Every structure is written in structure tokens, then in C-alpha cells.
Amino acid sequence: MCACSDSRNRSYQREFLRVKTNENSRYYDVKAHALSEPYDYVTKSFNDSDCLLLFQHLSIYKLQSDGNIVPLTNHEIGNLYKNRYNFFDKDLKFFNDFYTKWKTALGMEYFQFFDDETLYELASDLCQADKIDQAIPILQLGKAHQHPYMISKLASIYAEKDLPQHYNIEEALHLYELAGELGDAGA
């Protein structure tokens, strides 16, 4: 059961039950005595202002405490990914599977829906895992966003002689200078 309350109106509370069948998921609105249309998956939201997250194909909807259903923007889906470890067990597995399908459908364009700090964390994780070829497009997007730390990280890749396919010392020096101008004191 998911009990939701509106922080603006403490007397307002709504309860929803998640209903799982072999074919789909639904929710039951206790106050309205109504069963929802079927969804691929229904999970509790970890955002206090929303009650449930409703997954349908390549979209996610949030069921708000007032009973309204609102689609998540691609940017909000990107933020969910950043906070995905707030999901547990089956919910986390379903979200990870959904996210893989979602980003495949969007192609490389899915990176544009992340904020700069999330992009930086993602690129850093890829660099630590020696997935440099996957990190570079993210860092180049960071360069386009004028993010000094992503620019420095891209410069460090171009300055690395052990990465001959990416080695470009002139570009590295240019990027270090740019990162310094944008506020990275370590550049």
C-alpha cells in the first residue's frame, strides 16, 4: 500500500495499492474504489510528492497524491537513473531493464537528458572502468556545456601517451587552458 499526502494540505491523504498479475501491473485507488488501466510495471516512488511510478513501453508516468497522472520528461528519467539505487530488488531490476531499452531507443542522444554533474559522474565511472571510447562522447558534450571538470578530464585523455588512438597534445593543452578559464583551478 502506498499512502500519499499533499504537503500543502495535510488533511488530504490518498491510498493506492499496487496490483501485480502475470500479464501486467495496475494500482487500486482506495478512495475512488477504482482499478487503473494496465501498465508494464508499477512501483512506489521515492519522491515524496509522487505516489507511484507507472511504466508503460518507453515512458514513465508519475501518479501524484491528487490522483493525477503526469508523464516524466526525458530529463526526469535521466535523474531517476542518477538515483536508481533508491529502487530495491525487483523494482531496481525492472528499472535497469527499462533504462537499457529507453537509452537504446534514443541512441547516443540520451546523454542530453542528464544534468552536467550526472554526466561528469558517468564519464568518470567509464574512465575508471577503462571504457574511454564510451566516456569521450559524454566528455565532449560536457565541453559543449562549458563544464570545466569534464573539459579537464577530456584533456587528460588527449594528453595520455598510453592511449595513442586518442593522443593529441595540442588539443589537450587547448582544453586545459579552456578548463582553467572556466574555473578548474587544477587545470
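The values are calculated or read from the model by the stated rules, or taken from the named source; none is laboratory data. Nothing here was measured: the structure is a model prediction, and the numbers come from that model. Every residue, glycine among them, receives a Cβ derived from its backbone with ideal geometry; neighbour counts consider all protein chains shown.
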* **the range 102-121 residues that are over 14 Å from Q134 (Cα atoms), paired with ones that are of a type in the set (V, I, T) (beta carbon under 8 Å, 6 or more apart)** => W102/I77; F113/T73; F113/I77
* Asked: Taking the range 127-154 as the search range and keeping residues that are closer than 16 Å to Q165 by Cβ and either aliphatic (A, V, I, L, M) or touching a strand residue (DSSP E or B) at 6+ places or on another chain (Cβ under 6 Å) (or both), which one is surrounded by the fewest Cβ atoms within 10 Å (Cβ to Cβ)?
  -> I132
* Residues of the range 40-71 being buried (at least 18 other Cβ atoms within 10 Å of the Cβ) and in a loop (DSSP other than H, G, I, E, B), which ones? -> S45, S65
* To do: Would you be able to tell me the number of residues in the range 98-116 that are at pLDDT 85 or above and within 11 Å of Y81 (Cβ to Cβ)?
  => 5
